[in-house]
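The values are calculated or read from the model by the stated rules, or taken from the named source; none is laboratory data. Just so it is clear, the structure is predicted and the values come from calculations on it, not from any experiment. Glycine also receives a Cβ, built like all others from the backbone with ideal geometry; neighbour counts cover every protein chain displayed.
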Amino acid sequence: MGELIDKAKGKIKQTAGALAGDKRLEGEGEVDEAKGEVKGVVANVKHAVKDAARH
């Protein structure tokens, strides 16, 4: 679930940064969104490993 929060937080920061003309805030948003993506991939790999171990 943490990945969804990071993705949402990233989108909000990117949008706020774009509206305010704040490139730093936009960049932080991109980083947060990417962090969420990585967390999602890691969670998927963990689930796949657990499923493979059961079979």
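Identify, from the list Leu4, Leu25, the residue that is assigned to a helix (DSSP H, G or I) and at pLDDT below 95.
Details: Leu25 fails: at pLDDT below 95.
That would be Leu4, the only listed residue that is assigned to a helix (DSSP H, G or I) and at pLDDT below 95.
Out of the range 1-27, which residues are exposed (fewer than 12 other Cβ atoms within 10 Å of the Cβ) and among the charged types (D, E, K, R)? Of everything in the range 1-27, those that are exposed (fewer than 12 other Cβ atoms within 10 Å of the Cβ) and among the charged types (D, E, K, R) turn out to be Lys23, Arg24.
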